[in-house]
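Here's the structure we're looking at; comments come further down.
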Amino acid sequence: MGWQQTALSKKLGLRYPIIQGPFGGGLSSTALAASVANAGGLGSFGAHHLAPAAIVELVSTLRQHTDKPFNINLWVSDHDPGALSMTVEAYQQHLRQMMPLYQRLDIEPPSQPDSFSHRFEEQVQAVLDARPPVFSFVYGIPSADIIEQCKRRDIFLLGTATTVKEALALQDAGVDAVVATGFEAGGHRVSFIDEAETVLTGTISLIPQVVDALHIPVIAAGGIADARGIAAALVLGAQGVQIGTAFLACNESATIAAHKALLRSGKVHNTVLSRRMTGRLARFIPNHALRELEALPQLPFPLQSWFYSPIKRASAARDDAEYFSLYASQSVSLIKHHQAAALLRDLVAGVDRIYSSM
Ligand SMILES: Cc1cc2nc3c(=O)[nH]c(=O)nc-3n(C[C@H](O)[C@H](O)[C@H](O)COP(=O)(O)O)c2cc1C
């Protein structure tokens, strides 16, 4: 059908203009990315938590599992102001406030780190070396030099915007396409010019405004979980869609079983935006962890994440949805599928039906 072959799907050599959104923090999997790629969409892997050598290895593993295009994703900005300068005294004070929670959950408190995670500049060098077909990024714009080096290596560049201003800045910097994300989306609100809380535009408003402002393809993300959402995004002028939570709920993703079961339960009708799990604004299904963290002082990213991460690890080991980070889209109750390829197949068939009845 005509809708399947947009400028974006043609440029990337995709059967369908449907992207499985990347998940950071260990929730992506090669099985998910490869199965979406092999089924005709663009599979993605969120790699912002990985060391440069692991990124090179990841790209080689993905190449072994698919000969179709796939996407590697990084976070350009890897810490917020104040996060790298916490004194020993301030660390100990925050630890004292967290201790009752750690003790109640029988969790070893985290020791103060020497440094935080892996720096974007080193990770992006690994991306350049490994040359994935697509490189997407959030929380900013890489330097002109990095963008130029990606172009020389034929790496398709996907920037992510939450406002028209961000989308224009990405286009000016030379990206090939922009993912425009409405505030319905699961995961982080990846604003990088204005404070995330001040730019909470929904997908149905954001997409046509970004489409009108840009001359490069726009991919719609946020709250799309079935064929109706895809058709609506295409009618609004998008050249493709990026779907996150509906793929996170599939067996192939790396989130915990209890999280998947909730996402597929059809019973969650409310999600909330909070900074309490990582220090950056993200959308979650409310649970005990979120409520308890709301009552404690908040630190900048990634310090807030550092203090929460032992709780996340322990709840993952126990498959405990009450203390895990339950990222989810506003459209979570529409989710039904257990298998990524079946989800993609049904999305495509559904959009075909909508288009043939128009
Ligand atoms: C658990 C989770 C983690 C995410 N991590 C990232 C990430 O690291 N990088 C990124 O570009 N997008 C990330 N996203 C956003 C998704 O790729 C996608 O754009 C978004 O989920 C689309 O909205 P939806 O959830 O309503 O489908 C994440 C989303 C979720 C649910």
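Below 8 Å, C-alpha to C-alpha, sequence gap of six or more: please give me the relative contact order for the range 1-47 in percent. Walk me through the intermediate numbers first.
On the way: 65 pairs, mean separation 17.7, N = 47.
Reported relative contact order: 38 percent.
Would you pull out the residues with amide H under 5 Å of ILE19's amide H, same chain only if 5 or more places away, H placed 1.01 Å from N?
It is LEU42, VAL241, GLN242, ILE243, by chain and number.
GNM on the chain, C-alpha springs below 10 Å: top fluctuator among SER191, SER111, SER333?
Sorting by GNM fluctuation, first place goes to SER111.
Using only the Cα atoms of the range 103-169, what are the Rg and Dmax in Å?
17.3, 54
Tell me which residues come under 5 Å, amide H to amide H, from ASN71 once H is placed; ignore anything under 5 positions away on its chain.
Close amide H contacts, sequence-distant or interchain: GLY43, SER44, PHE45.
Just to check I understand the Karplus step: with θ = phi - 60° and J = 6.51 cos²θ - 1.76 cosθ + 1.60, what whole-Hz values come out for the range 296-309, glycine and proline as x?
Residue by residue, the range 296-309 yields 10, x, 10, 10, x, 5, x, 4, 4, 4, 4, 6, 7, 4 Hz.
Provide the three semi-axes, in whole Å and in decreasing order, of the ellipsoid equivalent to the range 28-76 as defined by the square roots of 5 times the Cα gyration tensor eigenvalues. Spell out each step's value before the answer.
Details: eigenvalues 66, 26, 12 Å².
Three semi-axes, in Å: 18, 11, 8.
Could you give the Stokes-Einstein D for the range 1-152 in µm² per second, using the C-alpha Kirkwood radius, 37 °C, 0.692 mPa s? Walk me through the numbers on the way to the answer.
Numbers: Rh = 17.7 Å.
In µm²/s, the coefficient rounds to 186.
Compute the Rg to Rh ratio over the range 83-123 from the alpha carbon atoms, using the Kirkwood formula for Rh, and round to two decimal places. Mind showing how you got there, number by number?
Values: Rg = 13.2 Å, Rh = 12.0 Å.
Across the range 83-123, the Cα-based Rg/Rh ratio is 1.10.
Ignoring ligands, DNA and RNA, please state the percent of accessible area on the chain from carbon and sulfur, probe 1.4 Å. Don't skip to the answer; put the middle values down first.
On the way: 7570 of 14410 Å².
Result for the chain: 53 percent of the exposed heavy-atom area is carbon or sulfur.
What list of ³J(HN,Hα) couplings, whole Hz, do you get for the range 141-152 from phi and the Karplus terms 6.51, -1.76, 1.60, once you set θ to phi - 60° and write x for glycine and proline?
10, x, 5, 4, 5, 5, 4, 4, 5, 4, 4, 4
Okay, helix-only estimate at 222 nm for the chain: each DSSP H run of n ≥ 4 adds -39500 (n - 2.57), divide by all residues, round to 500 deg cm²/dmol; what do you get?
When only DSSP H runs of four or more count, the value is -12000 deg cm²/dmol.
Taking R0 as 45 Å, what FRET efficiency do you get between HIS288 and THR87 from their Cβ-Cβ distance, rounded to the nearest 0.05? Please list the in-between numbers first.
On the way: r = 30 Å, r/R0 = 0.68.
FRET efficiency, HIS288 to THR87: 0.90.
Could you give each residue of the range 76-85 its phi-based ³J(HN,Hα) in whole Hz, using Karplus coefficients 6.51, -1.76, 1.60 with θ = phi - 60°, and x for Gly or Pro?
5, 9, 9, 7, 9, x, x, 6, 9, 10
Dividing the alpha-carbon radius of gyration of the range 139-219 by 2.2 N^0.38 Å (N being the number of residues), what value is obtained?
On the way: Rg = 12.5 Å, N = 81, 2.2 N^0.38 = 11.7 Å.
That ratio works out to 1.07.
Where does the range 117-271 land on Rg/Rh, using Cα atoms and the Kirkwood Rh?
Working: Rg = 16.3 Å, Rh = 16.6 Å.
When Rh is taken as the Kirkwood radius, the ratio is 0.98.
Only bridges whose two residues both fall in the chain count here: according to DSSP, what percent of them are antiparallel, nearest 5?
Working: 6 of 33 bridges.
Percentage antiparallel, nearest 5: 20.
How high is the relative contact order of the range 213-270? Use alpha-carbon pairs under 8 Å, at least six apart in sequence, and give a whole percent. Intermediate values should be presented prior to the final figure.
Working: 50 pairs, mean separation 16.0, N = 58.
It rounds to 28 percent for the range 213-270.
Taking the convex hull of the alpha carbon atoms in the chain, what volume per residue do you get, in Å³? Let's see the in-between values first.
On the way: hull volume 44.9 nm³, N = 358.
Hull volume over Cα atoms, normalised by residue count, gives 125 Å³.
Just grab the label-to-label distance for LEU95 and PHE116, each label 7 Å out from Cα along the Cβ direction, in nm (one decimal).
Result: 1.8 nm between the two label points.
Using the Cα gyration tensor of the range 205-306, with a ≥ b ≥ c the square roots of its eigenvalues, what is the shape: rounded (a/c below 1.5), prolate (a/b larger than b/c) or oblate (neither)?
Working: a/c = 2.49, a/b = 1.52, b/c = 1.64.
In terms of gyration-tensor shape, oblate.
What number, in percent, do you get for the relative contact order of the chain if the mean sequence gap of Cα pairs under 8 Å and at least 6 apart is divided by its residue count?
Details: 740 pairs, mean separation 64.7, N = 358.
Dividing the mean separation by the residue count of the chain yields 18 percent.
With every protein chain kept in place and ligands, DNA and RNA left out, what is the accessible area per residue of the chain? Probe 1.4 Å, answer in Å². List each step's numbers first, then the result.
Values: 14410 Å² over 358 residues.
Computed with neighbouring chains in place, this is 40 Å² per residue.
The values are calculated or read from the model by the stated rules, or taken from the named source; none is laboratory data. If you're wondering where the values come from, they're calculated on a predicted model, not measured in any experiment. We place every Cβ from the backbone using ideal geometry, glycine too, and count neighbours over all the protein chains shown. What goes into the accessible areas is simple: the full protein's heavy atoms, side chains included, and nothing from ligands, DNA or RNA. Shrake-Rupley method; radii C 1.70, N 1.55, O 1.52, S 1.80 Å.
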